[in-house]
Structures are given as structure tokens and as C-alpha cells.
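Presented below is the structure to which this report refers.
Read the figures in this text as sums done on the coordinates, not as results from a lab. Quantities reported herein were computed from a predicted structural model and do not represent experimental measurements. Note: ideal-geometry Cβ built from the backbone for every residue, glycine included; neighbour counts use all protein chains shown.
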Amino acid sequence: MSLADWQALVTTLELSAVTTLVLLLGTPLAWWLARTRSRLAVAVVAVVALPLVLPPTVLGFYILLALGPNGPIGGALIALGGHHLAFTFTGLVVASTLYSLPFMVQPFKDAFAAVGGRMTEVAATLRAGPWDHFFTVVVPLSRRGFFTALTLTFAHTVGEFGVVLMVGGNIPGETRVLSIAIYDHAEAMDYASAHVLAGGLLAASFVLLSLVYLLNRCLQVVHM
């Protein structure tokens, strides 16, 4: 691996870690979706799931417009004396957060729904406050969903290409990630380097998914 490839690896890991941490903020949204009976929930679920069916380049294009100098977000930042977020690492984080949202929210939502309302009602009768029964009852019972959500979000961000390329471009040491590095090597017909990076991503993805399924089975046995 060249120095540029190592930089792409570091950028990819940083992007995946930051995106996963940011998406933990989606926990209240998942909790609301699992508990609410509001008619708005259908629309919210549809918006959250959009990245699953929308072509990444389409999503990336609109995010680029929003974060660019003439967009509502980028323009507002410039007006405040800042800089727009297009083709920056921060812009990549914003794009990756939106693109990976369903991979965090959906497992959380399913885990919270599986807990049900009976356990929280029992905790409430014991005078446990909302925060208390959430962290002492709901979170421990939802640990499988938490682990699945965190792992899938991290792994999904590692493999992003279309959204990252549209919003961040291909700036070495700043926005160039492993998926773009593989594309660059393949385009230059440097298949040996492309094999190294692609094989590493394939192996890492297999290990992560195997750990998810293995841990879920272990937690299921313990819960039984």
C-alpha cells in the first residue's frame, strides 16, 4: 500500500467512527418511532428509509447543493463568516450521516419495539423516572439492537462511494476514502493495488458481519 492508500484508510476509519458516533443521536428518533401512534410516523419512516432505495448519486447531488456556496446551509455559513462544507471532511460526515441513517435507526427501532411497554410500565410503578427506566431497563434489553446498529453503520460507512464522491470529491488526505482509492487504481489499471484494498474491505466486512450474527446468537442464548 502506498502512502496515499494509507491516508485513504485513515480517512475512511475516521469518517466511519465519527458518523457512527453522530448517528447515536438518532436514538430518540428510533425510540419515538417505536412508541408513537402518530400518523406522521409513516412519513418519518419513509424519509429515514429513503437512502435504501435512492441512488447514492442522487442523494449526494442534493446534499452537495445544500452544502455548497449557493445552498441554504453553505450560503448561511458563508454569510456568518465561515466556509461552505462542500468537498470537506465535515461535509462528508453530514452526507454519511444522512446516507447511513436507516442502518442506525431501524435496528434501534426494532429493538425498542421488541422490549414493549410492559417493562417500562412496571419500572414506572416503582417510581423510576423516564431517563432511569430507559437506561436501566430499555437499553440492557435492547443491547442486541445497539450492537447491530453500531456495527452495520460503521461497516456501511466504510463502503460508501457515490455519496462520498459527490459531496467530498477526491482530495488526498482530506476526502479520499478507500472506495475511491480502489476506483482510482482500477481506472489506472493497477489491479494489484485494487485487489489489496478490495480484498481487505471484503475480509473486514465478512468479519464484522460474522461478529454481529455470532454475538446476537450468544445474547439470545443468554436471554433465554
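Have a look at M166, M104, M189 and tell me which one the Gaussian network model of the chain (Cα, springs below 10 Å) gives the largest fluctuation.
Checking each option, the largest mean-square fluctuation is seen for M189.
Go ahead and estimate [θ] at 222 nm for the chain from helices alone: -39,500 (n - 2.57) per DSSP H run with n ≥ 4, summed, over the residue count, rounded to 500.
-23500 deg cm²/dmol
Taking +1 at the Cβ of each Lys and Arg and -1 at the Cβ of each Asp and Glu, which of F108, G169, Q7 sits farthest along the dipole of region 3-223 towards its positive end, judged by Cα position relative to the Cα centre?
Farthest towards the positive pole: F108.
Label region 1-111 by shape, choosing from rounded, prolate and oblate, from the square roots a ≥ b ≥ c of the eigenvalues of the Cα gyration tensor; if a/c is under 1.5 it is rounded, and otherwise prolate applies when a/b is larger than b/c, oblate when it is not.
oblate
Can you tell me the relative contact order of the chain? Whole percent, Cα pairs under 8 Å, sequence separation 6 or more.
With pairs under 8 Å counted, the relative contact order is 30 percent.
GNM on the chain, C-alpha springs below 10 Å: top fluctuator among T57, T27, T136?
Largest GNM mean-square fluctuation: T136.
Select from A95, L65, Y213 the residue farthest towards the positive end of the dipole of the chain; place +1 on Cβ of Lys and Arg, -1 on Cβ of Asp and Glu, and compute about the Cα centre.
Going by the charge dipole, the pick is Y213.
Students often check this: by mean Cβ neighbours within 10 Å, which of 43-54, 146-157 ranks highest, and how do the rest follow?
146-157, 43-54
In the calculated pair distance distribution of region 3-223, what percentage of Cα-Cα distances lie above 30 Å?
The answer is 34 percent, as a whole percent.
For the chain, give the magnitude of the charge dipole about the Cα centre (Cβ charges: +1 Lys/Arg, -1 Asp/Glu; no others), in debye to the nearest 20.
Rounded to the nearest 20 debye, it is 1100 debye.
Loop sites only, by DSSP: take the trypsin sites (Lys or Arg not before Pro) in the chain that have at most 10 other C-beta atoms within 10 Å and name the longest stretch containing none of them.
With a cap of 10 other Cβ atoms within 10 Å, the longest stretch comes to 128-224.
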